[in-house]
Amino acid sequence: MEHTYSVGSNPVYYDKQNLHVLFAGQSQTLPMHQAGPKIYDYYLLHFIESGSGVFRTEHHKYELGKGDCFLIHPGQLVSYVSDKDQPWCYRWAAFTGSEADDLVLQTGFTPQQPVVTTTGESLIPGALSSIMQAFNANKESAHLTSLGYLYLIVGEAADLLSSFSRLPGAESQVKRTVKQMIHYMASQYAHPVSIEQMCDTLGYNRAYLSRVFKQETGLSPVTYLLKLRIEKSRQLLRERPELSVEQVAASVGLTDALYFSRQFKRFCAQSPTAYRMTTTRQAEKPER
């Protein structure tokens with residue numbers, strides 16, 4: 001078996017960008033070819049196209065084969081060695097940046113869970129190949145192209161890891177569902193969305209969602225969303241004095257200014273206008 005190795009580097013120099021793909025490559029290794037033990041200062045994702053081998057981290061040993069992905073975390077002592085009979089052929093990409101940690105965390109990769117097994121329909125090998133091709137074309141636009149492919153890769157990995165890591169039992173399902181609801185409301189409160197729309201989006205029956213949400217938070221979804229909107233409106237009333245009460249109401253997803261004022265008084269014991277005047281006076285008091 002012949003050893004092959006090729007790599008393409010990002011033509012855009014890494015200068016502390018939020019997210020940056022450094023290089024991408026492909027290799028058919030020789031039997032018992034070993035990398036490490038060593039520490040990397042960037043994330044390094046491998047996808048095994050054929051063959052097999054062993055990946056070792058500080059926490060575990062993984063025997064891997066075709067379709068498996070493993071992610072090396074920066075600062076972790078790792079090694080990986082190809083099989084003596086069927087040495088692996090793999091593709092890889094390295095990435096770094098201030099947002100890389102958050103991206104990996106969202107995906108579900110951890111130093112304790114650095115491996116995911118893909119399906120036959122995986123986009124990952126094609127995306128890794130496309131990154132390398134883009135880099136080899138040596139155009140500055142390759143930097144943006146590589147980020148697009150990186151997001152495709154971690155999106156697929158996140159899907160696979162979330163299904164893999166789901167804990168058994170009703171309690172974990174309930175907690176996951178409530179987190180989905182809270183995230184939905186936190187991202188959509190500024191739009192005139194309803195609980196019915198949220199239930200449709202999440203694919204659950206409204207009665208079920210209302211029950212599990214109140215069970216976990218002590219509030220109904222309607223009350224939670226309303227409290228969230230009122231809290232956001234208080235911030236706008238304090239920080240944006242040029243906005244009218246109607247504009248503040250619309251900015252938190254409540255198109256009826258009269259309804260907004262009634263609900264604001266219900267939660268804050270004063271009208272939006274009175275609240276703004278009170279907070280303005282407090283801010284203007286001279287320090288003693």
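The values are calculated or read from the model by the stated rules, or taken from the named source; none is laboratory data. Predicted, not measured: the structure shown is a model, and the values here were computed from it. Don't worry about glycine lacking a Cβ; one is built from the backbone with ideal geometry, like all the others, and counts go over all protein chains shown. Only protein heavy atoms, including side chains, enter the accessible area calculation; ligands, DNA and RNA are left aside. Shrake-Rupley method; radii C 1.70, N 1.55, O 1.52, S 1.80 Å.
Rounded to the nearest 0.05, what FRET efficiency is calculated for residue 138 and residue 273 with R0 set to 45 Å and r the Cβ-Cβ distance? All intermediate terms of the calculation are to be shown ahead of the outcome.
Working: r = 61 Å, r/R0 = 1.35.
That pair, residue 138 with residue 273, gives E of 0.15.
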Original post:
When N counts the residues of the chain, how does its alpha-carbon radius of gyration compare numerically with 2.2 N^0.38 Å, as a ratio?
Top reply: 1.36
Original post:
Between residue 262 and residue 13, 0.36 nm times their residue separation minus their Cα-Cα distance comes to what?
Top reply: 84.1 nm
Original post:
Taking a 1.4 Å probe, which of 20, 60, 183 shows the most accessible area, and what order do the others take after it?
Top reply: 183, 60, 20
Original post:
Of 124, 182, which has the most accessible area with a 1.4 Å probe, and how do the rest follow in descending order?
Top reply: 182, 124
**OP:** For segment 183-195, take each phi angle, set θ = phi - 60°, evaluate the Karplus expression 6.51 cos²θ - 1.76 cosθ + 1.60, and give the result in whole Hz per residue in order, putting x for glycine and proline.
**Re:** 4, 4, 5, 5, 8, 10, 4, 6, 9, x, 7, 10, 5
Subject >> From phi via Karplus (6.51, -1.76, 1.60), per-residue ³J(HN,Hα) for segment 10-23 in Hz, x at Gly/Pro >> reply: 4, x, 8, 5, 6, 9, 6, 5, 4, 8, 8, 8, 7, 6
Original post:
With the dipole of segment 3-150 worked out from charges on the C-beta (+1 for Lys and Arg, -1 for Asp and Glu) around the Cα centre, which of 93, 5, 74 lies farthest toward the positive end?
Top reply: 5
Subject >> Label-point separation in nm, residue 176 to residue 200, each point 7 Å along Cα→Cβ >> reply: 2.5
